[in-house]
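S.K.: Have a look at this one before I ask anything.
The values are calculated or read from the model by the stated rules, or taken from the named source; none is laboratory data. None of these values were measured; they are calculated from a predicted model. Positions of Cβ are generated from backbone atoms using ideal geometry, with glycine treated the same way; all protein chains shown enter the neighbour counts.
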């Protein structure tokens, strides 16, 4: 009959406890800041800070803003006629990401929040956005990613979305010193109002 010494039992018990504690520690250390940020005000895209001040939504970050990190602004669409940032967050998690792939999402009122701007954790934490494709996801590096709910091939942006897009991009330009030629619309997503949009971008004073 197999006998187990008291010392062996103690060793096995210690190993089991150590493994349990390690697992709990890993759960604690897993980044938790993966929720969506505040919804911006349509007219001014200003948010209130804990000390009661109002700041542009692009400056409402969890870590200090890193202007030197961002060189371009990429604008794309979701390709769907409706949706929320929470829907996108769940979809991106299902594809293996830790949360929303984009920095900002412009809602279209279907089902809610026409012209509202959702701020993702990647902007809050000042980390790179991701581009999702059938092959997987890739980092966008130094590009700020703005996703617009909708499909310009089927219907134009709402007026509220357009106004928020202009204001958001102008805020980003001002905060990050990004010239208009570095504001890019992703391939396949050019929209009817693009000329009007570009005419309202900030231009450096030479």
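S.K.: How many residues does the stretch 40-64 contain that are part of a loop (DSSP other than H, G, I, E, B) and farther than 19 Å from residue 106 by Cβ?
M.R.: Here is the first cut: in the stretch 40-64, the ones part of a loop (DSSP other than H, G, I, E, B) are 40-45, 49-53, 60-64.
From what is left, the residues that are farther than 19 Å from residue 106 by Cβ are 49-53, 62-64.
Looking only at that region, the number is 8.
Condition check ((1) free of Cβ contacts under 8 Å to residues at least 40 places away in the same chain; (2) in contact with a strand residue (DSSP E or B) (Cβ under 7 Å, 6 or more places away or on another chain); (3) within 20 Å of residue 148 (Cα to Cα); (4) buried (at least 20 other Cβ atoms within 10 Å of the Cβ)) across all residues:
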site: 49; (1), (2), (3), (4): yes, yes, no, no
site: 58; (1), (2), (3), (4): no, no, yes, yes
site: 63; (1), (2), (3), (4): no, no, no, no
site: 72; (1), (2), (3), (4): no, yes, yes, no
site: 77; (1), (2), (3), (4): no, yes, yes, yes
site: 85; (1), (2), (3), (4): no, yes, yes, yes
site: 98; (1), (2), (3), (4): no, no, no, no
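S.K.: Among what's in the stretch 155-179 and is modelled with pLDDT under 95 and in a loop (DSSP other than H, G, I, E, B), pick the residue that is surrounded by the most Cβ atoms within 10 Å (Cβ to Cβ).
M.R.: Per the stated criteria, the residue is 157.
S.K.: Output the strands (runs of 3 or more DSSP E) that fall wholly within the stretch 65-147 and possess 3 or more residues being in contact with a helix residue (DSSP H, G or I) (Cβ under 7 Å, 6 or more places away or on another chain) and assigned by TED's automatic domain parsing to the domain that holds residue 174, or say none.
M.R.: Numbers: elements: 72-77, 104-106, 117-119, 130-133, 136-139.
Correct list: 104-106, 117-119.
S.K.: Note down all Cβ pairs under 6 Å where the first residue falls in the stretch 180-191 and is part of a loop (DSSP other than H, G, I, E, B), the second is modelled with pLDDT of 90 or more, and they're at least six residues apart or on different chains.
M.R.: Sorted first by the residue in the stretch 180-191, then by its partner, the pairs are 186/74; 186/76; 189/76; 189/77; 191/152.
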